[in-house]
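Okay, so here's the structure we're looking at.
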Amino acid sequence: MGGVEGKSGAWAYAEGGMGAVSESICSSALSLGVDVFTNMEVSQILYEKEGEDVRATGVVTISGEKIIGKKAVFSGTTPHVTFNQLLNMGQDSIIQDILGEDFIKEINSIDYTSPVTKINVGVDRIPNFRANPNSSDNKVEDWHKCSIHLNCETMEKLSSSYESCHRTNMPSERPMIEMVIPSSLDPTLTSKGCHVCLLFTQYTPYAPSVGSWSDPEFKEAYARKVFDVVEEYAPGFKASVIGKEVLSPWDLEQTFNLTGGNIFHGAMGLDQVYSLRPILTKRCHFPETPLLGLYLCGSGIHPGGGVMGVPGLTAAKAFINQ
């Protein structure tokens with residue numbers, strides 16, 4: 001899984017952080033004469049009747065400004081956001097007729113379950129792991145540059161972490177953790193001696209049975225559980241923390257409009273991959289949609305999530321072939 005510069009299975013960090021990827025794409029687009037609008041949330045996709053068909057013609061921002069797409073409209077949001085929020089398929093009778101009852105039912109049945117809470121942590125020194133202690137104080141070692149998995153050594157530990165969440169619909173008592181330390185390779189991310197630890201943690205429900213992710217103390221309690229686990233593997237980690245950001249599934253939805261907090265725009269089980277992504281339908285062949293000129297270009301279509309740009313490339317090629 002993964003691949004960089006022809007090396008299968010390799011992963012890479014973008015120098016300057018993931019925002020550098022967006023900035024690079026934006027810079028390339030601007031050089032080609034593209035108009036880029038930021039901080040302009042879209043509230044609606046516009047359309048016009050075209051005989052028996054419907055064609056997407058542009059978008060409306062939350063401020064009421066209309067932006068017309070002369071040839072096509074591309075949506076990089078989740079299928080739920082595209083069809084339910086931007087096209088209002090639950091209320092708009094014209095959209096309902098074009099999409100059809102089965103299409104609407106299938107779109108509303110997409111699984112957006114996500115068990116992941118991301119915790120971004122700032123520390124004043126590099127973690128020092130029991131399994132392989134640092135050769136000197138705060139020295140970056142080769143293993144700091146890898147993906148580091150904690151509480152995952154056995155299937156029993158993984159199963160226990162999952163079952164404690166599944167059984168109670170509450171965050172795992174002992175979460176499994178994937179840690180990466182991008183500052184071990186990219187010194188531009190922090191001041192000298194400090195580091196950024198990114199924690200990909202599981203398992204956490206979107207709507208816990210007791211408590212809420214909107215409660216800062218609830219998030220703080222979960223962060224403490226995570227840090228307790230890290231502390232077992234890297235003593236002194238908790239004392240090194242100088243800042244953190246906890247992004248639960250609820251936070252990811254509220255902040256980035258990721259339905260269900262799913263970073264892949266939909267779960268990637270066998271029932272939602274390849275030709276089944278986002279749904280299997282006779283109404284269209286994704287990335288095309290039943291609306292003429294409307295294309296899905298986000299991770300909700302094949303091949304799914306990951307920083308690779310393939311869904312957008314697929315949508316662009318579909319448009320060109322039209």
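Odds and ends about this structure:
- Hey, residue 192 modelled with pLDDT under 95, open to solvent by 50 Å² or more (accessible area, probe 1.4 Å) and not small (Gly, Ala, Ser) or not: yes
- Restricting attention to the range 128-163, the residues that are closer than 16 Å to residue 197 by Cα, loosely packed, with under 11 Cβ neighbours inside 10 Å and of a type in the set (A, V, I, L, M, F, W, C) add up to 0.
- Taken as a whole, the structure leaves residue 245 outside the set of residues that are touching a Lys or Arg at 6+ places or on another chain (Cβ under 7 Å) and either surrounded by fewer than 14 Cβ atoms within 10 Å (Cβ to Cβ) or of a type outside the set (Phe, Trp, Tyr) (or both).
- Residue within the range 39-61 that is of a type outside the set (S, T, N, Q), within 27 Å of residue 305 (Cα to Cα), in contact with a helix residue (DSSP H, G or I) (Cβ under 6 Å, 6 or more places away or on another chain) and at pLDDT 95 or above present: yes
- Single condition residue 188 does not satisfy, out of (1) outside any strand (DSSP E or B); (2) touching a residue at least 60 places away in the same chain (Cβ under 8 Å); (3) touching a strand residue (DSSP E or B) at 6+ places or on another chain (Cβ under 7 Å): (3)
- Test: residue 211 is at positive phi, open to solvent by 20 Å² or more (accessible area, probe 1.4 Å) and in contact with a helix residue (DSSP H, G or I) (Cβ under 8 Å, 6 or more places away or on another chain): yes
- Against the test of being on the phi < 0 side of the Ramachandran plot and out of contact with any Ser or Thr (no Cβ under 8 Å at 6 or more places or on another chain), the options 48, 15, 5, 52 yield a single qualifying residue, 52.
- The range 234-252: number of residues that are within 20 Å of residue 115 (Cβ to Cβ) and of a type in the set (A, V, I, L, M, F, W, C): 4
- Considering residues of the range 8-26 that are open to solvent by 70 Å² or more (accessible area, probe 1.4 Å) and over 13 Å from residue 182 (Cβ atoms) only, the residue nearest to the chain's Cα centre (by Cα): 22
- Checked against the criterion of being among the β-branched types (Val, Ile, Thr) and in contact with an Asp or Glu (Cβ under 7 Å, 6 or more places away or on another chain), the range 58-77 contains one or more residues that satisfy it.
- Residue in the range 30-50 that is open to solvent by 70 Å² or more (accessible area, probe 1.4 Å), in contact (Cβ under 8 Å) with a residue 60 or more places away in the chain, among the aromatic types (Phe, Trp, Tyr) and touching a strand residue (DSSP E or B) at 6+ places or on another chain (Cβ under 7 Å) present: no
- The range 94-125: number of residues that are in contact (Cβ under 8 Å) with a residue 40 or more places away in the chain, open to solvent by 10 Å² or more (accessible area, probe 1.4 Å) and hydrophobic (A, V, I, L, M, F, W, C): 4
- Restricting 110, 68, 94, 45 to residues that are closer than 17 Å to residue 288 by Cβ and hydrophobic (A, V, I, L, M, F, W, C) narrows the list to 45.
The values are calculated or read from the model by the stated rules, or taken from the named source; none is laboratory data. Model, not experiment: these values are computed from the prediction. When we count neighbours, we look across all protein chains shown, and the Cβ atoms used for this are built from the backbone with ideal geometry, even at glycine. Protein only, heavy atoms only, side chains kept; ligands, DNA and RNA dropped before computing areas. Shrake-Rupley method; radii C 1.70, N 1.55, O 1.52, S 1.80 Å.
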